[in-house]
Amino acid sequence: MNLANLDFLRLDPRYFKAFVAACEYENFSLAANHAAMTQSGISQHISKLEEQLGVSLFMRSSKATVPTDEGKTLLNYIRTYNDAIAKLMDTMHKERNVVEGLVSYAMPPSCLLSPHFPMLLERRREHPALELKVDLLPNEQILPLVIDGKIDFGFVTEKVEHPLLNYVSFCDEEYILVGANQNEVATLDADNLLQRQYIDYPGMGVYFNYWMHHFLSECTNISDRSLHHAGAMNSIEGAIHMVVGALGISVFPRHCVQKNIDDGNLFVYEKEGKNELLNTIYIVSRKHPVLPTRVNTVIQWFLDMQCNH
């Protein structure tokens, strides 16, 4: 389908939301949940677009609903259209100093326990027309969402080079291994590393591998997949409770467990001659197109918080 050969002025932008959601999730039911619509509403809006264009926009099967080549072309057009509308709104709002619209980003769950997220919510109160959509996800899920333009930016614990990605250093995060039994933590070494019981949670594997390569670099054939887990939680808060309860040991960002350390409920592994383990957290976004003002504003809020923190 050639954009130049079609009269896109015939298209009703009210149907774009349903179409984009269906492309992203490749399932009308999931698209309906994401777009806050009914499944029949999704189908009707897409049918209207297909009627206006005279082409099929999806290949439907029992497993997935995949965009046709024509559907992919329309998706690119809609993204260009939405970018143009966003730039127009930015231009009109600059003189009034208005920040409004949706800003979507993703971050590891540990970020919720940092001071930056409450500070962001405080800043957002100054701009009631600004809508924030936040997903708690690990690195490997955040980067594809940024690349595909499904979120505006994300926080990641590692820098993966890609021609479409731009990284800005946000802060350094310290990773520590902790446990409720001081002797168990203090006597940990390369020989008994795999004899200990660990508490798993989303993202723990990344933190553990950083920690092990820093403190026990001689363990070349060991990774987080080598560990015996005495328990697992789907939240970092729950995992901390399990470690405090002496069910196992685990690796966390220090800011998540510092209060438990100060209260004497957790003990930190330390190794003579080894400095603290610091890892850079990055804000990652797409290089192109240029980010809307509302997105740049929120990113700058985070950077300002870090400078003042």
Inset, instruction - Could you tell me whether the range 3-91 comes out rounded, prolate or oblate from its Cα gyration tensor? Rule is a ≥ b ≥ c as square roots of the eigenvalues, rounded for a/c under 1.5, then prolate if a/b exceeds b/c, otherwise oblate. - result: oblate
Inset, instruction - Of the listed pairs 63/159; 63/87; 133/159; 72/133; 48/87; 17/287, which have alpha-carbon separations greater than 30 Å here? - result: 63/159; 63/87
Legend entry - Over the chain, relative contact order from alpha-carbon pairs under 8 Å, at least 6 apart, %: 20 percent
Legend entry - residue 258 versus residue 66: modelled label distance in nm, points set 7 Å from Cα along the beta carbon direction: 4.9 nm
Legend entry - residue 79/residue 234 FRET efficiency (R0 30 Å; Cβ-Cβ; nearest 0.05): 0.35
Inset, instruction - Multiply the residue gap between residue 303 and residue 150 by 0.36 nm, knock off their C-alpha separation, and tell me the result in nm, one decimal place. - result: 52.9 nm
Inset, instruction - Taking 7 Å along the Cα-to-C-beta vector as the label spot, tell me the residue 33-residue 290 distance in nanometres, rounded to one decimal. - result: 3.8 nm
Legend entry - residue 191 versus residue 214: modelled label distance in nm, points set 7 Å from Cα along the beta carbon direction: 2.6 nm
Inset, instruction - Let me know the shape class of the range 231-294, please: from the alpha-carbon gyration tensor, a ≥ b ≥ c as square roots of the eigenvalues, rounded when a/c is under 1.5, otherwise prolate if a/b is greater than b/c, or oblate. - result: prolate
Legend entry - Top positive-direction residue, dipole computed over the range 129-259 with Cβ charges, set 176, 144, 245: 245
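Rule-based calculations on the coordinates, nothing more; no lab input. Predicted model, so just to flag it, every value in this text is computed and none were measured. With ideal geometry, Cβ positions are generated from the backbone for all residues, glycine too; neighbour counts draw on all protein chains shown.
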